[in-house]
Amino acid sequence: MPLYEIEHITPLSSSQKDALARSITQIHSHLFTTPSLFVNVRFTDTASHDVYVGGKKKSANRILAHVRPGGGRSVDDFNTLCARITESWDLIILGRDAKGDRGRDRELRAVFILGTIVAGSEAGFALPAAGEDRKWLRENVGNFEQRAEAGDGEFGDLVEEMRRREDLKELL
């Protein structure tokens, strides 16, 4: 459902990308009751891109989060999302908490939450409106289970996640 675009100028290892993608997925899915299967994360090395801030060329790491607007999600919810993502970056990429010298080329300069997803489909399912995830999951759980039973590993993982997570198990 959401698409996180991580634009980085600092080289990231595969393990750093894996850890950051897992962390962002966990943060988003628990903050907004979204199954992990539907959280998308893409990394783009932008070290050779020309980016300008304030009319001046500026190289920086940033994350753009395309989300579904509305549904009771407040500015405070999205600010919490930004703070948690920044904390994860600091721990995974910098190897320490947000205090201390970050190093200009390694710090996460910006997290932008963009309410740009108004409709779409993923894995053959129309996306629910923001705030209607629980209803949508309840209505589609039978389809998820059928796909899992047919051998679709992603949906097997989804059904298992719904069984494990306290905020999702009641929807089964």
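Structure notes:
- Segment 104-170, relative contact order in percent, only Cα pairs under 8 angstrom and at least six apart counted: 15 percent
- Of (1) 139; (2) 187; (3) 107, the label for volume of the Cα convex hull per residue in Å³ derived from the coordinates: (1)
- Distance between modelled label sites at residue 91 and residue 110, nm, 7 Å Cα→Cβ extension: 2.6 nm
- Three-way shape label, segment 34-126, alpha-carbon gyration tensor, a/c 1.5: prolate
- Spin-label model distance (nm) - residue 80 vs residue 165, 7 Å beyond Cα toward Cβ: 1.5 nm
- Shape call, segment 1-52: gyration tensor on alpha carbons, a/c limit 1.5: prolate
- Under the convention that each Lys and Arg Cβ holds +1 and each Asp and Glu Cβ holds -1, the size of the dipole of segment 43-155 around its Cα centre is about 660 debye.
- For segment 135-141, putting each phi into the Karplus relation 6.51 cos²θ - 1.76 cosθ + 1.60 with θ = phi - 60° gives couplings of 4, 4, 4, 4, 5, 10, 4 Hz, in residue order, rounded to whole numbers and with x for Gly and Pro.
- Pairwise centroid distance, computed over Cα atoms, of segment 1-65 with segment 129-149, Å: 26 Å
- Given a 1.4 Å probe and the protein chains as shown, residue 51 ends up with an accessible area of around 40 Å².
- Carbon plus sulfur fraction of accessible area for the chain, probe 1.4 Å, in percent: 47 percent
- Contact order for segment 1-149, expressed relative to its length and based on alpha carbon pairs under 8 Å spaced 6+ residues apart, stands at 30 percent.
The values are calculated or read from the model by the stated rules, or taken from the named source; none is laboratory data. Just so you know, these numbers come straight off a predicted model, no measurement behind them. Note that we place each Cβ from the backbone using ideal geometry, even for glycine, and neighbour counts take in every protein chain shown. Note: areas computed on protein heavy atoms with side chains; ligands, DNA, RNA excluded. Shrake-Rupley method; radii C 1.70, N 1.55, O 1.52, S 1.80 Å.
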